[in-house]
1. In Å, what Rg and Dmax follow from the Cα atoms of chain B?
2. Can you sort A:M45, B:M381, B:M86, A:M195 from fewest to most other Cβ atoms within 10 Å of each residue's own Cβ?
3. Quickly work out the A:I95-to-A:R187 label distance, labels modelled 7 Å from Cα along the C-beta direction, and quote it in nm with one decimal.
4. Treating only the Cβ atoms of Lys and Arg (+1) and Asp and Glu (-1) as charged, compute the dipole magnitude of segment A:1-114 about its Cα centre; round to the nearest 20 debye.
5. Two decimals is fine: what's Rg over Rh for the protein assembly as shown, C-alpha atoms, Kirkwood radius as Rh?
6. Provide the packing ranking of A:18-25, B:306-313, i.e. peptides ordered by the mean count of other C-beta atoms within 10 Å per residue, highest first.
7. In peptide B:50-57, what is the residue-averaged number of other protein chain Cβ atoms found within 10 Å of each Cβ?
8. Calculate for the protein assembly as shown the 222 nm mean residue ellipticity that helices alone would give, adding -39,500 (n - 2.57) per DSSP H run of length 4 or more and normalising by residue count, nearest 500 deg cm²/dmol.
Amino acid sequence: MIQAIAFYLFAFLVIASAVLTIMSRNPVHSVLWLILAFFNAAGLMVLLGAEFIAMLLVVVYVGAVAVLFLFVVMMLDVDMAEMRAGFIKNFPLGIAIALVLLAELVLGIGALNAGALELGTASGENAPSMANSNIENVGALLYSKYIFVFEVAGLILLVAMIGAIVLTHRDLKTTRGHQNITKQVRRNPKEATQMKQPTVGEGVEL
Amino acid sequence: MDYANSFGHIVPELVLTGAALALLLVSAFAGDKASRLVSILAAVALGGAGAFAASTLAEGSSGAAAVAFGGLLSADAFAGFAKLLMYIAAIGCLMIAPGFFDHRKAMKPEYPVLVLFATVGMSIMVSATDLITLYIGLELNSLAAYVLASFLRNDSRSAEAGLKYFVLGALASGILLYGMSLTYGFTGTTSFDGIRIAQETGLSTGALFGLIFVLAGLAFKISAVPFHMWTPDVYEGAPTPVTTFFATAPKVAAIVLTARVALDAFGSQPDAWRQVVIFAALASIVVGALGAIGQNNLKRLLAYSSINNVGFILVGLAAASAEGASAMLFYLAIYVVMSLGSFAAVLMLRNGDGDNLETFEDIAGLSSTRPGIAWCLAALMFSLAGIPPLMGFFAKLAVFWAVVNAGLIPLAVIGMAASVIGAFYYLKFVKVMFFDEPVGRATKAGSAAQWAILVVCTVLISPLGWFLTGALETMTNTAAAGLFAGV
């Protein structure tokens, strides 16, 4: 009973916040609704017993991707009203895509009701271990069998960081527009100005 | 898993990683002043790692004794030979760099650090006996290479080269990953041994698709035709020391990796990949030779030359035998020396202001103004063209001998005929340098390190280098035996 309540709650909130993501006028609100959708999708994953994917969803999508979206949306200053201008013109196309998706859903549910696919069961050393949770199993593999590649993946991230800094970092002194206060204070009228007596009809040569 | 044993097998990688991290700290605190010190220390670290790699080669280790981390990688003699070659090439690229970057006030300590990280990636590539290790090593190397290509960030050509390399490299990585996932899906394992055993009974269509995609991704990394388009642009745009690096060490790593994938992972189905390799080899030889003819920029021309040479190296792989693998490594070693020497010579062509000269007009009549460089370059070009008694001839002889012994006589005949086309533009170098009216633009002398590299490379490919072929052949035979013992 409690599972059913939790499922319908999460599922309703996912759909509702997804609808609000595309309906809201303010793009910042859209991203916030998207974050809510991710959270509820994570809840659905927990109900399925896939707690590792649930955590990834929160950590990666909410923690990193959605916040990045938020930054981009805030910085780009997108004019949503302009983007919605073609709504009426594109309406038939939108309806067509929606119909295709609906047909796929009906087909999928029909196939599911017809009986499960015979995918076979994993056996031997590749069989899933039911004794431990997903997180323990993933962690045990990552930090024992695949420790070497895991560490090298860390090196790759370090190289990416070094690369970004090498290609973009500029010394403060060479940056364009840097204010050298000493130089400004030491300027005097003799160096800063020139007296010219241009003859009529000729330009000034500096 | 025996961790102590595993860590014993990756000592070269550990040395290089430790050195790179320590030198990164030095460069963060000491700034650009420390560039020279960091370069020297990086070269020392490469030398130390090379000593460990040489010991695995000397032991001739192979098979189960060399496996580390439960089959993720193998420190066998095959990898040992490749590592030794790559570390020497990387040291050469560190030595010739300051003379180029100092003039542009762009010498930064991050250059040697990134070269070290790229070399760690290459070490992992050549040792990889698992698809996951293969990909991780390849990405570590590629990522460092993208940054190195756009190292002169104020130069628009360098930035363009970096961007182009990055976008096309990402595409190639995607193709490679797609092939790897198909291979995994149809064989049920990512380890090379497992893939080979799974395919002993036959090759399914899905696994064949996987093989083709993996080979396509790797062909991009070795710049074999038809995945060579990026090479001339990137080689021309990247700073010349970086181009030297691209043409030597990463090429060794990618070719050795391709050989391991073909001979180890797909070793039970040689007929499936052999036709692909034969096509890539012949196409590379012909396109590399014809494409170079119209070029006026020396770096573009050397890029086509490297495409051409990759073709000859793949001829050795097509033999699919221990002899072919040995001939391939023999060719690779001589190719690295020839590339290093010719790029060092191009680096030394500088006008009075110290700017680098890169076109044929600039080197007209070089023999009367700079006879030292002209004679060395002439020897290197004759060697690249495969004219006896220079070493380039013996390299070509070795690969063609191997394919003839493997029964692929048509391949050898077409390859030899195409190598004559290639001789045209190598001889054009000699014609322009010795018989054209001198322009006397190249007036500024190169650095002592550049001279040293040029002279050593020229001596090694000269008939004097013939005395070393016995030792080199023993090494390549041990290395090839190390690969085939595990198969």
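The numbers here are math on the coordinates, done by the rules we state, and not lab data. Fair warning: this is a prediction, and the values are worked out from it, not measured in the lab. We place every Cβ from the backbone using ideal geometry, glycine too, and count neighbours over all the protein chains shown.
1. Rg and Dmax of chain B, Cα atoms, are 21.2, 68 Å.
2. So the ranking, lowest neighbour count to highest, is A:M195, A:M45, B:M381, B:M86.
3. In this crude spin-label approximation the distance works out to 6.7 nm.
4. Dipole about the Cα centre, nearest 20: 160 debye.
5. 1.04
6. Ranked from most to least packed, the peptides come out as B:306-313, A:18-25.
7. Average neighbour count from other chains, rounded to a whole number: 0.
8. The helix-only estimate for the protein assembly as shown comes to -23500 deg cm²/dmol at 222 nm.
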